[in-house]
């Protein structure tokens, strides 16, 4: 059995979740690989989650929103020690510009071949909120980030990036698109309340996610649509201002492990991000047959065919978002049509059956780590 060393910013701890890494590790195990994960966390420890999955955590110092960035001194040495002990056949780094990605530098200097995965180019096609974070992201991306892209032996993006940008970066020849994918069979038939329309957001309450736009748009419709239920599922810090402002009108569910059941009861799913990669939450909602509304950024435009498998709107345009929600509240047939088309699109293009074959081909043709 071949071993993959997956270097990821996070795994699953409190608000430090890296859903793409969790799902990819599960997919690769299904393909017959053993996966060893090196990531940051709240404490340094090791978890043996299954015979083919081990997660090694290294304690970090976490900079909260809008940075959402962990720093773990000595992480590269931590990776090199794991490399010596595990002797992996493949080395994969997930995400660009996180602290963990810096381990690519010593790996490259030691002659190891590395596959770099990323759902977005931070500071190039993906931006945090706020002028100072944006400036820092830009400078980081076009210096160290660019170098990391050049040093990687293969770059896999979860959704298509602008061809002109790839050409400018000099990585066209070694870049390919493979989405993270999803297992549609995990998402069963809907279980919706015929007397109400439920609109849901799933994800952390971070500034870049634009949750305030969703809540404001939905709140503006409440007087004319008393059957509307609005809920938010995901981690948030104590005293979050949105929770204080809307807690009497919105159900804040917190961090949940039953997202499948929540989506089964959801009529309208909203993802109002200002920047986005390839959203796992949006894929899960589409697989659940929800009528989805998403901002017209990043991988959202790869997942959704506007008007066919969902609705897109300009990020930050609350009136356009409210108009889409209003239409779907009033038109149950359109809700059903969008949900059915969304489910078909996931099954045809983003299911693990399709994505698994692409990763199998990549791993079988890629040279050994050393």
Taking the condition of being in a helix (DSSP H, G or I), surrounded by fewer than 20 Cβ atoms within 10 Å (Cβ to Cβ) and in contact with a strand residue (DSSP E or B) (Cβ under 8 Å, 6 or more places away or on another chain), how many residues in region 185-215 meet it?
0
Residue by residue through region 115-154, note down the ones that are free of Cβ contacts under 8 Å to residues at least 40 places away in the same chain and outside any helix (DSSP H, G or I).
122, 123
Check on residue 96, farther than 20 Å from residue 274 by Cβ and either out of contact with any helix residue (DSSP H, G or I) (no Cβ under 7 Å at 6 or more places or on another chain) or not in a helix (DSSP H, G or I) (or both)
no
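Among the listed residues 96, 116, identify the single one that is modelled with pLDDT under 95, closer than 11 Å to residue 148 by Cα and buried (at least 23 other Cβ atoms within 10 Å of the Cβ). Break it down stepwise before answering.
Details: 116 fails: modelled with pLDDT under 95.
Criteria check complete, one pass: 96.
Each row is one residue, and each column tells you yes or no for (1) over 26 Å from residue 186 (Cβ atoms); (2) in contact with a strand residue (DSSP E or B) (Cβ under 7 Å, 6 or more places away or on another chain); (3) buried (at least 17 other Cβ atoms within 10 Å of the Cβ).
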position: 262; (1), (2), (3): no, yes, yes
position: 273; (1), (2), (3): no, yes, yes
position: 282; (1), (2), (3): no, yes, yes
position: 288; (1), (2), (3): no, no, yes
position: 297; (1), (2), (3): yes, no, yes
position: 301; (1), (2), (3): no, yes, no
position: 312; (1), (2), (3): no, yes, yes
Quick check on my filter: what residues within region 241-260 are surrounded by fewer than 16 Cβ atoms within 10 Å (Cβ to Cβ) and out of contact with any strand residue (DSSP E or B) (no Cβ under 6 Å at 6 or more places or on another chain)?
241, 244, 245, 247, 248, 249, 254, 255, 257, 258, 260
From the options 48, 29, 43, residue that is touching a strand residue (DSSP E or B) at 6+ places or on another chain (Cβ under 9 Å), assigned by TED's automatic domain parsing to the domain that holds residue 158 and part of a strand (DSSP E or B)
48
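The values are calculated or read from the model by the stated rules, or taken from the named source; none is laboratory data. All of these numbers come straight from a predicted model, not from anything done at the bench. No Cβ is skipped: glycine too gets one built from the backbone with ideal geometry, and neighbour counts run over all protein chains shown.
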